[in-house]
């Protein structure tokens, strides 16, 4: 029950935190993740928190990343890694390939999934 309450609170918080969107040319767009900066929505970029939730809910199963308890078990054992999740997200067109080398993004994804394990 605590797990469900935690997930619903985090999901609600991520929905309530909406940043304004401004049009940018491709050259103006910075696709690296920096948690200190407000993030703008982009159809080609999914936040690490959203990607963690999508992974947990099984959205990347067709890309080879199990969801729910199997995700947490695979993550704990090291069979599923942040880079594996990002690669699946790249294949699903959720993030750009540059995210594979973005340590901040990978760290935020790792922290979010580890939070799932604790609850």
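Data overview
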quantity: Cβ-Cβ FRET estimate between residue 63 and residue 103, R0 fixed at 30 Å, reported to 0.05; calculated: 0.85
quantity: Inter-site label distance for residue 92 and residue 118 at 7 Å from Cα along Cβ, in nm; calculated: 2.4
quantity: Stretch gain in nm, segment residue 111-residue 77, where the contour uses 0.36 nm per residue and the Cα spacing is subtracted; calculated: 10.7 nm
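Here, each number is a calculation from the coordinates, and none is a lab measurement. Here the structure is a predicted model, which means the values were calculated and not measured. A quick note on method: Cβ atoms are made from the backbone with ideal geometry, for glycine too, and the neighbour counts reach across all protein chains shown.
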